Amino acid sequence: RYYSGEKKAPVLTVFIGGNHEASNHLQELPYGGGGAPNIYYLGYAGVVRFRGVRIGGISGIFKSHDYRKGHFECPPYNQQTIRSAYHVRNIEVFKLKQLKRPIDIFMSHDWPRSIYHYGNKKQLLKMKSFFRQEVESNTLGSPAASELLQHLKPTYWFSAHLHVKFAAFMQHETNSKEELPKATKFLALDKCLPHRDFLQIIEVEHDPSAGDSLEYDAEWIAVLKATNSLVNVTQSTWNMPEKNGLHAKWDYSATEEAIKEVLEELNHDLKIPCNFTPTAACYDPSKPQKNMEPVHTINPQTTEFCAQFGLTDINGRIQQAKEEGSARAEYEEEEEEEEMDSTGSAEEPSEYNTDNSGLSSINPDEIMLDEEGGDEDLSTCSVDPSPDHPPDFSTSFSDIRIMPDSMAVSSDDAMDSNNEDLEKSGLSKQGEEKSSTERPLKRIGGDENGNSGIKKIKRRNQAIYAAEDEDKTD
């Protein structure tokens, strides 16, 4: 977004969003697009291909209270929408569940619920003891991701969020005797700090004769076109169509004919254009700028993508709803003034600043720590590679296990389950230092003489950050 045009990533990178991203930028690309040259964002959910490898992903983290809402958030955010902007929505899960063709690699930020039963759970709880209650009650992780894992059965599934390396091997049950059994290799890595398992190279079977360009996935494009009428930009909760007698249509999967039409539209050229366009001024340290409130931006990449495939520009729809809302509010205000003229004087304006964006008054050197709590490092010790914590992916899986029916997650679970923050499980043992309703935490630094020294971050629940090597470099 702030790219100056001088460099590009040396290795093609495909990524999803979590809960510590530049939400205002990623929201410009709801269907995916270039976050920077040679760095591709999959969008709220997406599927692409590279050298024959089919890569899918879903952005954000699961929160039950926002799961059934539309994508209504946009800058400037308030204290609620700055968080709900990265919460997973049921429409993205519904779209991904329309896929029928095999997925090679799938990515989610938070872990699929129940995946911890298929790896070295004893070692996991040794490193993260405060996971125990949620693991034993099978409430750790995302039920929506678990639902996708059951449906997609990808060869590989990669996640993050919990800041610990964990590998698992899950063999899926077959629905019929004719169906070949499928298995998923799951891998989550630690955060990027010294002496931590944060990097691993995996060799994936691919087509060596294929080009080195990222490509659209024809089935996914066909699903986007089929589900376009379901786009919702309101805060109203709603359920996805299902076969329950209430919906005339519930199957939005892509037919072979629809996939063929997509291929014909593209003249069988699926190459994703390298059309990254900066939508904000490039940062120049020699010309410091005042902290400005983010604005709602329509990204030309999204405009081009929607025009090409006949899709609704979600941000355009949000902008339209805002304008209609403003016009309606203005009309109601005029009517209210007319009533006041006939009955008395209108209420005097407040002397207080009514801006509730929560961003306009923040010190540029301040870091807001997310109250979601899931992506802060909760570990009390660093984990060095050891025989009990092997870095080799091929030897990091447990024996093959089949998921018990009791661990299967239904769509009702995904909508109604109360997925508590990870820190809450740790607070019962560690104690809570700061209330989540207090003001954003600020950097602390400097001595009594005013020397700044090394900047540190004052964090919630200091007791669980006691290790010497923890987050001093954040």
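The values are calculated or read from the model by the stated rules, or taken from the named source; none is laboratory data. What you are looking at is a predicted structure, and each value in this text was computed from that prediction instead of being measured. All Cβ positions, glycine included, derive from the backbone under ideal geometry; neighbour counts span all protein chains shown. Heavy atoms of the whole protein, side chains included, go into the accessibility calculation; ligands, DNA and RNA do not. Shrake-Rupley method; radii C 1.70, N 1.55, O 1.52, S 1.80 Å.
Per-residue answers, yes or no, for (1) in contact with a Lys or Arg (Cβ under 7 Å, 6 or more places away or on another chain); (2) surrounded by 12 or more Cβ atoms within 10 Å (Cβ to Cβ); (3) small (Gly, Ala, Ser):
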| residue | (1), (2), (3) |
| --- | --- |
| 230 | no, yes, no |
| 253 | yes, yes, yes |
| 274 | no, yes, no |
| 295 | no, no, no |
Yes/no for residue 40 being over 16 Å from residue 155 (Cα atoms), of a type outside the set (Val, Ile, Thr) and touching a residue at least 40 places away in the same chain (Cβ under 8 Å) | yes
For segment 148-160, which residues satisfy the criterion of being touching a helix residue (DSSP H, G or I) at 6+ places or on another chain (Cβ under 9 Å) and open to solvent by 20 Å² or more (accessible area, probe 1.4 Å)?
-> 151
Keeping to segment 161-170, report how many residues are in a loop (DSSP other than H, G, I, E, B) and surrounded by fewer than 20 Cβ atoms within 10 Å (Cβ to Cβ).
-> 0
How many residues does segment 177-203 contain that are open to solvent by 50 Å² or more (accessible area, probe 1.4 Å) and either free of Cβ contacts under 8 Å to residues at least 24 places away in the same chain or part of a loop (DSSP other than H, G, I, E, B) (or both)?
-> 13
The lone condition residue 164 fails out of (1) touching a residue at least 60 places away in the same chain (Cβ under 8 Å); (2) of a type outside the set (Asp, Glu); (3) touching a Phe, Trp or Tyr at 6+ places or on another chain (Cβ under 7 Å) is (3)
Does residue 38 fit the bill of being at pLDDT below 95 and under 21 Å from residue 291 (Cα atoms)?
-> no
